[in-house]
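Structure, as structure tokens:
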């Protein structure tokens, strides 16, 4: 594999580890990342069955200091920061004035006035510029992406693996985090993920990320998983991928993510969103399963009773279900069970509308005995 | 990378096994490794006349759908039905149980446009250097 184009792309700090493992590498969000090590299907199934380890160093992290009495940070994101408990994570958005999605993100409340915001790789710089443009002088932002490595450990056995690594009981409820001692560092581990399985995201300084990677992979229950399987895992859950399913031209309401919006607070884009809510949606996201193994792809047309009503944003083969699956925007309301046809020149795939998650048996939210929220 | 000695090859990574007037066709080990897990194959219908270099089948992997080009012209006599329920045979055994179709060759001279094993090997190596 020629990695000379690392000069234009940012290489993950784990690039040598991936090469040793024989990974296929490809550009993603401006980074050179592992797409698969051996087989996307095997990696996908391993994550659903045991524990998969993902190199997610490409994602961006901001450390923000903001006393909400004086700072306007709360206005920059849809998450209601004021009511977030310490040690909680929340999923939300940064919107523009038109309620278009600048990025989807996770907010971590570290202390009364300290936050970590985790954003997508390709949008990190744009997000930073947007925040700096709008935030007031009582808000201090540091882009810590370059020094922060991130690994995701996902799968029903992820908790057992981490317990053995830490030598204790990790006790984290869904969408909470804590600090844990690992490799001489105090690192953030959150009970979050992008696969639908019980799992964790680990934030480690870049200079020790390779050590953490090795330690986790030494466990036989853990295998490395590329971005190829990360994509099929998230699509089975109906999770949106920024830049493909959502972007500046789509709103959270259109994307079916309205339940993540707290309308009791103020935020940039709220008036547009409220107006859209009143006027009704001209398009909305639907999820579907094909009736065969034939899989819909990005940009295939979506037909309902011979009428072209939209297009596919994400489509793939589903390793868990053994059929094609996907999601896309349509201009009319459809209810689960209704038949649609996904079309491209010479290809016609019958499918039916389903509720998300498309795959129903994920372990993500399964509660842990004696778990607590800080 | 497996490149059997008894086959002919195309630039689009299909293989041909000549069997009298007939030809068995499929995709190469190199092609399947590039595609990754094969999840679906749309094979040509029996009786269809396929034309050299024109699309004659579609192979889907997890990531994408790709056309397969006819390595020779002729009538489709038989297709590999096993691939409908077990498309992974193309990954496991691209030259044996992962065959696509048998065709009745229309024009023997078309064979001249195919590559011999050594040529195909050199072709792959040069394409990987790019």
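The values are calculated or read from the model by the stated rules, or taken from the named source; none is laboratory data. Just so we're clear, the structure is a prediction, and the values are computed from it rather than from any experiment. All Cβ positions, glycine included, derive from the backbone under ideal geometry; neighbour counts span all protein chains shown.
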Worksheet item: Got at least one residue in region A:282-291 being in contact with a helix residue (DSSP H, G or I) (Cβ under 9 Å, 6 or more places away or on another chain), surrounded by 14 or more Cβ atoms within 10 Å (Cβ to Cβ), in a strand (DSSP E or B) and within 14 Å of chain B (Cβ to nearest Cβ)?
Response: no
Fill in: Among residues of region A:292-303, those that are closer than 16 Å to residue A:250 by Cβ and within 14 Å of chain B (Cβ to nearest Cβ), counted
2
Worksheet item: Is it true that some residue in region B:13-29 is within 14 Å of another protein chain (Cβ to nearest Cβ) and modelled with pLDDT of 95 or more?
Response: no
Item to complete: Tell me which residues, restricted to region B:43-79, are within 14 Å of chain A (Cβ to nearest Cβ), farther than 17 Å from residue B:104 by Cβ and surrounded by fewer than 18 Cβ atoms within 10 Å (Cβ to Cβ).
Response: B:55, B:58, B:64, B:67
Discussion item. Going through A:28, A:62 one at a time, which residue ends up being within 14 Å of chain B (Cβ to nearest Cβ) and under 30 Å from residue A:134 (Cα atoms)?
Written reply: A:28
Discussion item. When you scan region A:224-231, do you find a residue that is assigned to a loop (DSSP other than H, G, I, E, B) and buried (at least 17 other Cβ atoms within 10 Å of the Cβ), even just one?
Written reply: yes
Response to the item:
Restricting region A:99-109 to residues that are over 18 Å from residue A:70 (Cβ atoms) and more than 13 Å from the chain's Cα centre (by Cα), the one surrounded by the fewest Cβ atoms within 10 Å (Cβ to Cβ) turns out to be A:100
Item to complete: Please work out which residue is farthest from the other protein chains (Cβ to nearest Cβ), limiting yourself to region A:304-353 and to residues that are touching a helix residue (DSSP H, G or I) at 6+ places or on another chain (Cβ under 9 Å) and assigned to a strand (DSSP E or B).
Response: A:327
Worksheet entry | strands (runs of 3 or more DSSP E) enclosed by region B:1-109 - at least 3 residues per element that are within 23 Å of residue A:315 (Cα to Cα) | B:38-42, B:55-61, B:65-69
Practice prompt. Please go through region A:190-212 and pick out each residue that is touching a helix residue (DSSP H, G or I) at 6+ places or on another chain (Cβ under 7 Å) and surrounded by fewer than 22 Cβ atoms within 10 Å (Cβ to Cβ).
Written response: A:194, A:205, A:206, A:210
Worksheet item: Before we move on, is residue B:93 out of contact with any strand residue (DSSP E or B) (no Cβ under 9 Å at 6 or more places or on another chain), at pLDDT 95 or above and more than 11 Å from chain A (Cβ to nearest Cβ)?
Response: yes
Discussion item. So if I check each of A:235, A:227, A:216, which one is on the phi < 0 side of the Ramachandran plot, touching a helix residue (DSSP H, G or I) at 6+ places or on another chain (Cβ under 9 Å) and at pLDDT 95 or above?
Written reply: A:216
Practice prompt. With respect to residue A:63, determine if the residue is buried (at least 16 other Cβ atoms within 10 Å of the Cβ) and either without any contact (Cβ under 8 Å) to a residue 60 or more places away in the chain or within 17 Å of residue A:231 (Cβ to Cβ) (or both).
Written response: no
